[in-house]
1. Full-extension gain between Trp244 and Thr269, please, as 0.36 nm times their residue separation minus the C-alpha to C-alpha distance.
2. Taking the beta-carbon count within 10 Å as an exposure proxy, list Met151, Met16 from fewest neighbours to most.
3. Can you give the FRET efficiency for Asp171 and Ala210, using 1/(1 + (r/R0)^6), R0 = 56 Å, r = Cβ-Cβ distance, to the nearest 0.05?
4. Can you pull the one-decimal nm distance between simple spin-label points at Ile188 and Gln9, each 7 Å off the Cα toward Cβ?
5. Counting other C-beta atoms within 10 Å, which of Thr53, Thr186 has the fewest, and how do the rest follow?
Amino acid sequence: MEVSETIFQRLYLIYMPICVLVGSTGNIMVWILINNFNYFHFRSNRMLSKLPTNTYLLCLAAMSSLFLCTLFVFWLEEMSYLYFEDNLIGLEFRNLSCKVNQFFAHVCDFSSVWLIVLVCCERLLLLHRNRRTLTTEKACAQVIILIIVAMIFNSWILYVASIQQGVCDIDPDFDRVYHVMTVIETIICMFVPSLIIFTSNVFVIWKLNAHIKSEIYRRAVDPIPDGLRYTDVQLTRSLMVVTWVFIVLNMPNYVYRMATNILGFDNQTVIMQNLSLVAHFLLYTHHAVLFYLYIFYSPQMKRRLRPTAMKLLECYCFKPDGDYGDHS
């Protein structure tokens with residue numbers, strides 16, 4: 001049993017940097033595809049950047065990237081503690097990074113959850129009102145408010161996180177605070193968002209089915225497709241995949257935390273330790289694959305993937321010496 005546990009833990013340590021690399025690459029791809037790069041003069045990319053939904057997605061990519069950065073620092077700390085006796089990273093740095101990493105990890109989780117909720121609600125309102133009422137300016141304001149709330153809500157972690165027996169953990173003096181906040185976090189960051197996402201997706205599915213039926217009838221009369229509505233439907237479908245995957249991959253982590261902190265399961269048993277590793281495997285996988293799902297399930301994003309890649313190669317790899325002028 002000890003051998004299998006050691007192998008599992010080693011796989012866990014190997015998997016973390018892989019998730020960091022894969023997830024960071026996906027986040028960068030989304031930023032390139034969505035953002036307005038005047039240097040390339042991609043009209044379609046500029047149109048993408050003006051969608052309120054993509055304002056949420058860009059912030060989600062930024063939060064995911066920040067989470068992956070904290071994961072990489074955590075991995076360095078684990079490697080330093082296990083194999084270099086804290087010589088790779090000093091103990092003073094570990095004490096500081098423990099608080100900072102835990103704080104930003106919680107902020108990123110909180111923000112990511114509610115950004116996905118905002119995406120679901122925006123899609124739902126768009127499909128039911130048949131017109132776009134949200135602007136990118138309003139979306140940016142919502143994002144800023146959300147991040148401020150996330151930082152205030154998770155500020156408690158700066159006081160309770162500390163190095164315990166070589167591991168970043170909760171100071172035993174604050175166990176009661178941690179248990180209370182675990183319950184509140186589970187409600188605010190998992191149960192309520194999951195209920196909103198599930199309800200929104202059910203209404204979206206109902207509206208999409210109604211739209212498909214009406215579209216079949218309309219095309220029998222007028223074969224010219226409705227471009228805006230068609231692209232909205234495509235984007236909504238791809239985002240539904242992202243939201244369902246989010247729930248599936250994030251739920252085990254909160255279930256484990258509730259089981260150990262509220263229901264009293266012993267987290268020192270081999271089974272619970274392995275379940276903890278599995279829950280974290282799934283959480284890290286979510287940050288690694290989230291935007292690949294968005295890219296490859298979205299026809300608009302897939303169509304822009306190859307032209308954008310070729311334009312990048314043309315601009316940075318095949319540009320003649322001395323040619324630094326603007327491309328028109």
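1. Details: separation 25, 0.36 × 25 = 9.00 nm, distance 3.11 nm.
Extending this stretch completely gives an extra 5.9 nm.
2. Working: Met151 15, Met16 22.
Fewest-to-most Cβ neighbours within 10 Å comes out as Met151, Met16.
3. Values: r = 54 Å, r/R0 = 0.97.
Given R0 = 56 Å and the Cβ-Cβ separation, E is 0.55.
4. 3.3
5. Details: Thr53 22, Thr186 18.
Final ranking by Cβ density, sparse to dense: Thr186, Thr53.
Every number in this text was worked out from the coordinates using simple rules, so none of it is lab data. Just so it is clear, the structure is predicted and the values come from calculations on it, not from any experiment. With ideal geometry, Cβ positions are generated from the backbone for all residues, glycine too; neighbour counts draw on all protein chains shown.
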